[in-house]
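Asker: Below is one structure. I have some questions about it.
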Amino acid sequence: MLPDTARELKARLSRRLSRSPGATASSVGGATRWSGVALGLAPVGPDQVHLAIRLIDHADADVVLRGLDDAAREEVDVRVIGAVRPLSSPTGWSPADLQRRVRPLRPGISVGHRDVTAGTLGGFVRRPGSDQLLVLSNNHVLADSDAATEGDPALQPGVADGGTAADRFGALAGFVRLDQDPGNLVDAAVAALDGGVAVDPTAYPGGPLLGTVAAADDVDPDELVEKLGRTTGHTRGRITAVEVDGVGVQYDDGVHTFDDQVEIEGLTGAFSAGGDSGSVIWRSRDRAPLGLLFAGSTEGGSAGGGVTFANPLATVLHSLGVEWLKDSQAASPR
C-alpha cells in the first residue's frame, strides 16, 4: 500500500488499541498505559509499504488483527520481537579496545554514570554559540534514567569495564526526562568535558561522518546503516521500519513507550547488544548520521539477532538544544 494509506491504517489501529491499554501486554511488568503493540511502516517496494506490527508474544496477534478486513491483513508485516530493553547492560564478548580507558575520547567507547553499568559514547555536539564540546549518549547511560543530577561525574570507561572516580572525563550537563505517559521521543543526554580532556570526534570506521544530520523525515526504510558500539563494535544493518509508534521499553522503573522510532536489524546476526546504547547510527551511502541507538530485543530479526530501535538523531539534537559538529569543527581534536 502507499505510505499515506499505511499511516491511516496505523492511526486507526492505534486508536482502537489505545481504548484497551494493556490488553496484549499482560506479560510485561509495569505496563499500565501501553497496548503492548508497536506500529510503523515497513518497505516492500518503491513507494510501497506494509504496516509493521511488532508484538511481545505470538498470542497477541489475534487480538491485534481482529477487526482488520482481509485486504488489510494482506498489507501487514507482523513480527514477534519479545521484550525490548535499554542496551546499557553489557552481555557477552566485546572488543577490548572499546572497553578500556581511552584518551583522547572517541566515538564507540565505553562510558557511563557512576551508577550505571556501561553504554557507548555516540559522538560530540555543542550548544549553539558555544565552543564547549559535549559528549552525546543516552539518558539511561549518562543520567541513570532520570535518577542523576546535573553535575554528576561521567566516567570513561563505564563501571562495568572497571571505571572509577579516577576515570572521570566530565559531568552530566543535560538530559531529556523519560515520561511515564505514552509518547516519549528520545532517550538522550549530554556530558560536558572537564578541562584538558582530549577528544577525537572524527574517529569513526572509515573516517568522519557527514556534518549534516539526516532530517527525521528523510530516514527511509530499507537504507543500509552502520554503527560503532561498546559491545558489538562496528556492525552493519538495514532499516526495517520507520515512524514506529508505541515501542514499549522495559526500564528498571517500568515500561516507557516511544513514538516515531526507527527499527533496524543486522545484516548478519545482531546489529547491537547490551552496552551499545548511545551509539550513533549513520547511513552507509553518504555517511550521514541519522539515529541514536537506545534499545533492542533478542528476537524478531530475520537474520536471527533481534531488532534494534533508535531515536531519529535530528529529534535528539532538537530535544537537547544542541548541534552536531560540522566537519570543519571536528577537524581539530581538543
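The values are calculated or read from the model by the stated rules, or taken from the named source; none is laboratory data. The structure displayed is predicted, hence computed values, not measured ones. Reconstructed Cβ throughout: ideal geometry from the backbone, glycine too, with neighbour counts over all protein chains shown. Protein only, heavy atoms only, side chains kept; ligands, DNA and RNA dropped before computing areas. Shrake-Rupley method; radii C 1.70, N 1.55, O 1.52, S 1.80 Å.
Asker: Please list, ordered by first then second residue, the pairs with beta carbon atoms under 6 Å, 6 or more apart or interchain, first in the stretch 197-222 and within 22 Å of residue 309 (Cα to Cα) and in the same structural domain as residue 241 (by TED's automatic domain parsing), second at pLDDT below 95 and open to solvent by 20 Å² or more (accessible area, probe 1.4 Å).
Answerer: Between residues of the stretch 197-222 that are within 22 Å of residue 309 (Cα to Cα) and in the same structural domain as residue 241 (by TED's automatic domain parsing) and residues that are at pLDDT below 95 and open to solvent by 20 Å² or more (accessible area, probe 1.4 Å), the close pairs are 221/43; 222/43.
Asker: Name the single residue, out of those in the stretch 54-99 being at pLDDT below 80 and at positive phi, that is farthest from the chain's Cα centre (by Cα).
Answerer: Step by step, filter the stretch 54-99, then rank; the result is 67.
Asker: Do you know which residues across the stretch 212-229 are in a loop (DSSP other than H, G, I, E, B), modelled with pLDDT under 95 and on the phi < 0 side of the Ramachandran plot?
Answerer: Once the filter is applied, which keeps residues that are in a loop (DSSP other than H, G, I, E, B), modelled with pLDDT under 95 and on the phi < 0 side of the Ramachandran plot, the stretch 212-229 yields 219, 220, 221, 223.
Asker: Run residue 230 past the list (1) touching a Gly at 6+ places or on another chain (Cβ under 6 Å); (2) open to solvent by 20 Å² or more (accessible area, probe 1.4 Å); (3) touching a residue at least 60 places away in the same chain (Cβ under 8 Å) and report the number of the one that doesn't hold.
Answerer: Residue 230 satisfies all of (1) touching a Gly at 6+ places or on another chain (Cβ under 6 Å); (2) open to solvent by 20 Å² or more (accessible area, probe 1.4 Å); (3) touching a residue at least 60 places away in the same chain (Cβ under 8 Å) except (2).
Asker: Examine the stretch 150-159 for a residue that is among the aliphatic types (A, V, I, L, M), open to solvent by less than 20 Å² (accessible area, probe 1.4 Å) and in a loop (DSSP other than H, G, I, E, B), and state whether such a residue exists.
Answerer: Taking the stretch 150-159 first, the residues among the aliphatic types (A, V, I, L, M) are 154-155, 159.
From what's left, open to solvent by less than 20 Å² (accessible area, probe 1.4 Å): 154-155.
Restricting the remaining residues to those that are in a loop (DSSP other than H, G, I, E, B) gives none.
No, the stretch 150-159 contains no residue that is among the aliphatic types (A, V, I, L, M), open to solvent by less than 20 Å² (accessible area, probe 1.4 Å) and in a loop (DSSP other than H, G, I, E, B).
Asker: Does at least one position in the stretch 146-168 carry a residue that is under 15 Å from the mean Cα position of the chain (by Cα) and at pLDDT 95 or above?
Answerer: no
Asker: How many of the residues in the stretch 271-323 are open to solvent by 20 Å² or more (accessible area, probe 1.4 Å), among the hydrophobic types (A, V, I, L, M, F, W, C) and assigned to a loop (DSSP other than H, G, I, E, B)?
Answerer: So the count comes out to 2.
Asker: Among the residues of the stretch 110-125 satisfying the criterion of being in contact (Cβ under 8 Å) with a residue 60 or more places away in the chain and not in a loop (DSSP other than H, G, I, E, B), which is surrounded by the fewest Cβ atoms within 10 Å (Cβ to Cβ)?
Answerer: This residue is 125.
Asker: I would also like to ask the following. Taking the options 128, 107, name whichever one is open to solvent by less than 10 Å² (accessible area, probe 1.4 Å), part of a loop (DSSP other than H, G, I, E, B) and not assigned by TED's automatic domain parsing to the domain that holds residue 312.
Answerer: Of the residues listed, the single one that is open to solvent by less than 10 Å² (accessible area, probe 1.4 Å), part of a loop (DSSP other than H, G, I, E, B) and not assigned by TED's automatic domain parsing to the domain that holds residue 312 is 107.
Asker: Where residues in the stretch 242-267 are free of Cβ contacts under 8 Å to residues at least 60 places away in the same chain and not in a loop (DSSP other than H, G, I, E, B), which of them is nearest to residue 18 (Cα to Cα)? Explain how you work it out, then say what you get.
Answerer: First, the residues of the stretch 242-267 that are free of Cβ contacts under 8 Å to residues at least 60 places away in the same chain: 262, 264-267.
Checking which are not in a loop (DSSP other than H, G, I, E, B) leaves us with 262, 264-266.
Working: 262: 21, 264: 25, 265: 27, 266: 31 Å.
Per the criteria, the residue is 262.
Asker: Check residue 176 against each of (1) of a type in the set (Val, Ile, Thr); (2) assigned by TED's automatic domain parsing to the domain that holds residue 159; (3) at pLDDT below 95 and name the one condition it does not meet.
Answerer: Residue 176 satisfies every listed condition except (3).
Asker: What is the residue count in the stretch 1-21 for residues that are under 14 Å from residue 245 (Cβ atoms) and either open to solvent by 70 Å² or more (accessible area, probe 1.4 Å) or of a type in the set (Phe, Trp, Tyr) (or both)?
Answerer: In the first step, residues of the stretch 1-21 are kept if they are under 14 Å from residue 245 (Cβ atoms); the result is 6-18, 21.
Retained after the next criterion (residues that are either open to solvent by 70 Å² or more (accessible area, probe 1.4 Å) or of a type in the set (Phe, Trp, Tyr) (or both)): 7-8, 12, 15-16, 18.
The total comes to 6.
Asker: To continue, here is another question. Among the residues of the stretch 88-103, is there at least one that is closer than 24 Å to residue 289 by Cα, touching a residue at least 12 places away in the same chain (Cβ under 8 Å), surrounded by fewer than 24 Cβ atoms within 10 Å (Cβ to Cβ) and touching a strand residue (DSSP E or B) at 6+ places or on another chain (Cβ under 7 Å)?
Answerer: For the stretch 88-103, residues closer than 24 Å to residue 289 by Cα, touching a residue at least 12 places away in the same chain (Cβ under 8 Å), surrounded by fewer than 24 Cβ atoms within 10 Å (Cβ to Cβ) and touching a strand residue (DSSP E or B) at 6+ places or on another chain (Cβ under 7 Å): present.
One line per residue, one yes/no per condition, for (1) surrounded by fewer than 22 Cβ atoms within 10 Å (Cβ to Cβ); (2) part of a strand (DSSP E or B); (3) β-branched (Val, Ile, Thr); (4) in contact with a helix residue (DSSP H, G or I) (Cβ under 8 Å, 6 or more places away or on another chain):
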| residue | (1), (2), (3), (4) |
| --- | --- |
| 163 | no, no, no, no |
| 166 | yes, no, no, no |
| 169 | no, yes, no, no |
| 174 | yes, yes, no, yes |
| 177 | yes, no, no, yes |
| 181 | yes, no, no, no |
| 196 | yes, no, no, no |
| 201 | no, no, no, yes |
| 204 | yes, no, no, no |
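Asker: Which residue pairs have Cβ atoms closer than 8 Å, lie 6 or more positions apart in sequence or on different chains, and pair a first residue in the stretch 67-87 that is in contact (Cβ under 8 Å) with a residue 12 or more places away in the chain with a second residue that is part of a strand (DSSP E or B) and surrounded by fewer than 16 Cβ atoms within 10 Å (Cβ to Cβ)?
Answerer: Pairs found: 77/44.
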